[in-house]
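Coordinate-derived values only; no laboratory data. Treat the numbers as computed from the prediction; the structure is a model and nothing was measured. When we count neighbours, we look across all protein chains shown, and the Cβ atoms used for this are built from the backbone with ideal geometry, even at glycine.
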Amino acid sequence: MSVSVSLRHSFADFALDAAFEAPRGVTALFGRSGSGKTTLVNAVAGLLKPDEGRVEIDGETLLDTNKNVALPAHKRRIGYVFQDGRLFPHMSVAANLRYGQRYSDKRGKPQEFDAVVGMLGIGHLLQRSPVSLSGGEKQRVAIGRALLSSPRLLIMDEPLASLDEERKQEILPYLERLRDETGIPLIYVSHSVSEVARLATTVVILRQGRVAACGPAGEIFADPQFAPAFGIREAGSVLDGKITRHHEDGLTEIAVSGGSLLLPELAGEPGASVRVRISAHEVMLALKPPQDISALNVLPVTVTQLKYGDGPGVLVQLQCGTDRLLARITRRSAQALALAEGAQCHAILKSVSVAQESVWRQSRAFSESGFSG
Amino acid sequence: MDFLGPQEWQAVALSLKVSFWATLLSLPAGIAVALVLARTRFPGHFLLNTLVHLPLVLPPVATGYLLLLTFGRQAPVGGFLSEWFGIVFAFRWTGAALAAAIMAFPLMVRAIRLAIEAVDPKLEEAASTLGASRLRVFATVTLPLITPGVIAGAVLAFAKAMGEFGATITFVSNIPGQTRTLPTAIYTFLQVPGAEGAALRLVAISVAIAMAALLFSEWISRRVAARIGSP
């Protein structure tokens, strides 16, 4: 499963010129509002006809302006979850869910209605009218409706943007299940760093209609070049690991490629896959293994990149096993330690500095065959 | 019915028949024209809009005369229809229905157009991403959502058709049992000494039918609105 997109489109005051590949898993289109994210996905879905471009899914051409191919939206088999849900107000929740199914009979294997309803936890809403649903319920129904049209690609355009924090937390686990259990590639449009860090397999950063970066989530988040795009306070790396042990004192041990981490207690059986987001400003560096220190996590690392900003800070990219870490320290510290590319040192991380909200379960099915390996 | 004499009853029944067919047969055209006016922009847009609204502002007598010039038996369109399809409008109840339909058309189109403009095109986009072709989107999303407007337009058109006088009497005259509709009957009774009672009874019937139509429209719109959850 892979999706290949290359588009050019001009508006009066804005030009889009972007190309990216979306492999299996979640491809996050990240960028500020006005960076062209929605225009881009609308063109992929067939809701907007671009001046020029090409869209392919698994080698099948949906759009090629050079060859005058432009499949209409209803023939593209691309499920679209809009920011505002767009449920049909004159139909029940069940009829909304079945809407896409009606037209998908002849196309591919239809998803099991009950399975989707169960996965999204919307069984009790089926007879209700969409008008009476909460924002979070509406979005879950919208996701189910898109899934049931047997799409070969799902697009979600800021599906959580109109929800409050509590509702977001209610929906995010369903999106993780979707990513890990259905195998349908997902293009996820967002300007929220934490959503992207949590969900993305691949990250595409859009800036003023152009692709500023595109690559696996772990690499993009750990690249000092792109830290400004996420906001310097939000800069940090994401590591994939596995729960190895729950300690009696309330700590959970996680194996990552460069060693093991002790983090505040997590739910999950040993063996469960997790993704951990580590903020750059929480990582300390030491040349020698520190002794008599309260921090529990010390990992041997190699400096791979240093990026000096305008201010007093330096972003240091570190190789940690096969993963990359990002540390933000002061210019003064970097000079005192004489940090340079290739330097061996130790990354120190307090257990309590990794909030539970920054550790996410991933289903096994995904991470074993997954991409981050 | 004792309340009404045979002539009066005939006028009421004829008016109901004329208005019913005028409304029913112009409804598809009304929806189509409203769609075109609401959703498309093309060079002739303004012209079409003007043409549709013309009967609203033109003297009804002028509309009737234009109908006579177009659909009369010797006229180009009328002659063609009668020769090829056996459809005759001149001095028949069908002509009364045509006149009523033309006169009521602007009201019908305005009501339906307002309803179409209130439909969020984003819902139609969503339907298309779910695999529905344009025709299916119209049948399953647009049409159900504009139903209250369509009903309102149809009832308005029906009420207008019930009251149509000027164009009808000019186009198809005032033939008892054929083209003497309620308003023309009232007019005729008022010309006859001593028939004011009959005229008054028909006026009462007109008021009752108009009120019933409005109440029905209100009731059904509310039901539909409650179902689709819009005010």
What percent of all Cα-Cα pairs in segment B:128-205 falls into each 5 Å bin, going from 0 up to the bin containing the maximum distance?
3, 13, 15, 14, 11, 8, 7, 7, 7, 5, 5, 2, 1, 0
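What's the Kirkwood radius of segment A:236-369 in Å, using all Cα pairs? Could the numbers behind the result be given before it?
On the way: mean 1/r = 0.0652 Å⁻¹.
Computed over segment A:236-369, the radius equals 15.3 Å.
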P(r) of segment B:37-168 over all Cα-Cα pairs, 10 Å bins starting at 0, rounded to whole percent, reads 12, 30, 30, 20, 8, 0
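Per the helix-only calculation at 222 nm, which mean residue ellipticity applies to chain A, given -39500 (n - 2.57) for every DSSP H run of n ≥ 4 and division by its residues, nearest 500 deg cm²/dmol?
Computed ellipticity for chain A at 222 nm equals -6500 deg cm²/dmol.
Tell me, rounded to the nearest percent, the portion of alpha carbon pairs in chain B spaced more than 33 Å apart.
Counting pairs separated by more than 33 Å, the tail of P(r) holds 26 percent.
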On a 0 to 90 degree scale, rounded to 10, what angle separates helix A:93-102 from the longest Cα axis of chain A?
80
How far is the Cα center of segment A:258-287 from the Cα center of segment B:157-192, in Å?
88
Listed with the fewest Cβ neighbours within 10 Å leading, A:His247, A:His74 appear as A:His247, A:His74
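Placing +1 at every Lys and Arg Cβ and -1 at every Asp and Glu Cβ, with all other atoms neutral, what dipole size does segment B:6-226 have around its Cα centre, in debye to the nearest 20? Numbers along the way, then the final one.
On the way: 15 positive and 9 negative charges, 50 e Å.
Dipole magnitude for segment B:6-226 comes out near 240 debye.
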Ranking of A:Thr304, A:Thr244 by count of other Cβ atoms within 10 Å, fewest first:
A:Thr244, A:Thr304
Distance between modelled label sites at B:Leu58 and B:Met211, nm, 7 Å Cα→Cβ extension:
3.5
When the distances between all Cα atoms of segment A:3-221 are binned every 5 Å from zero, what whole-number percent does each bin get?
1, 7, 16, 19, 20, 17, 11, 7, 2, 0
If you average over every viewing direction, what projected area does the convex hull of the Cα atoms of the protein assembly as shown give, in nm²?
37.2
Where does each of B:Leu47, A:Leu48 land when they are ranked from fewest to most other beta-carbon atoms within 10 angstrom?
B:Leu47, A:Leu48
Mind giving me the nanometre distance, one decimal, between the label points for B:Phe20 and B:Phe3, set 7 Å out from Cα along Cα→Cβ?
1.8
